[in-house]
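Written out below as structure tokens is the structure these notes cover.
The values are calculated or read from the model by the stated rules, or taken from the named source; none is laboratory data. All figures in this text were calculated on a predicted structure; none of them were measured in a lab. Note that each Cβ is placed from the backbone with ideal geometry, even for glycine, and that neighbours are counted across all protein chains shown.
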Amino acid sequence: MAATATALIAWMRAKADRVVFNDAPSYGCIAAEFTVGSEPCMPIRVWTDGGVPISFSQLKRTPAFAASAARQELMDRLNAIPGVTIRPDAIEKQSTIRLATLSPDQGASFLEVMGWVVEKLRGTPAEKSE
């Protein structure tokens, strides 16, 4: 679980326009913020309790994911990762994936999907990872 969290945080630092931390006293999170047009979008967070929420509602406000079909494609890509189950109604709100369900291989698949999200948000092809 720690290796997957470390990989997610490293990915955020490398790909996000800005990395944001909360200051809640009970538990914390780190979020990847992307600037879309002039608006911030934080589609992914990592919480200290092991939750990794995917904010479909944030993505819905962007041109790339305004159409439900685009959010559905994201949900399908995430659900193709073994151990990940996102309910259909989540494409309108948020769904949390547990770090404990992501092995290093599944974590790598998750980051590939998130790379696709960044590609869509920026309107440019993502770089292939070796």
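Remarks
- Here GLY107, GLY83, GLY123 are screened, and the one residue that is within 19 Å of ILE9 (Cα to Cα) and either among the β-branched types (Val, Ile, Thr) or in contact (Cβ under 8 Å) with a residue 12 or more places away in the chain (or both) is GLY107.
- Which listed residue is among the charged types (D, E, K, R) and modelled with pLDDT under 95, from ASP23, ASP76: ASP23
- Hits in segment 1-24 - residues which are loosely packed, with under 14 Cβ neighbours inside 10 Å, among the hydrophobic types (A, V, I, L, M, F, W, C) and under 18 Å from PRO43 (Cα atoms): ALA10, ALA14, PHE21
- For segment 2-53, the set of residues classified as in contact with a helix residue (DSSP H, G or I) (Cβ under 7 Å, 6 or more places away or on another chain) and either on the phi > 0 side of the Ramachandran plot or assigned to a strand (DSSP E or B) (or both) consists of VAL19, ILE30, ALA32, PHE34, VAL36, CYS41, MET42, PRO43, ILE44, VAL46, GLY50, VAL52, listed by residue number.
- The set of residues in segment 1-34 that are farther than 17 Å from LEU99 by Cβ and touching a Lys or Arg at 6+ places or on another chain (Cβ under 8 Å) comprises VAL19, GLU33, PHE34.
- Just one of the numbered conditions (1) over 23 Å from GLU119 (Cβ atoms); (2) of a type in the set (Gly, Ala, Ser); (3) in contact with a Gly (Cβ under 6 Å, 6 or more places away or on another chain) is not true of ALA2: (3).
- Meeting the requirement of 3 or more residues that are surrounded by fewer than 19 Cβ atoms within 10 Å (Cβ to Cβ), the helices (runs of 4 or more DSSP H) wholly within segment 56-130 are 68-79, 104-122.
- Scope segment 95-130; condition touching a Ser or Thr at 6+ places or on another chain (Cβ under 7 Å) and either at pLDDT below 95 or β-branched (Val, Ile, Thr) (or both); matching residues: LEU99, LEU102, PRO104, GLY107
- Qualifying residue in segment 28-39 (condition: more than 15 Å from the chain's Cα centre (by Cα), more than 20 Å from ARG122 (Cβ to Cβ), surrounded by 12 or more Cβ atoms within 10 Å (Cβ to Cβ) and at pLDDT below 95): yes
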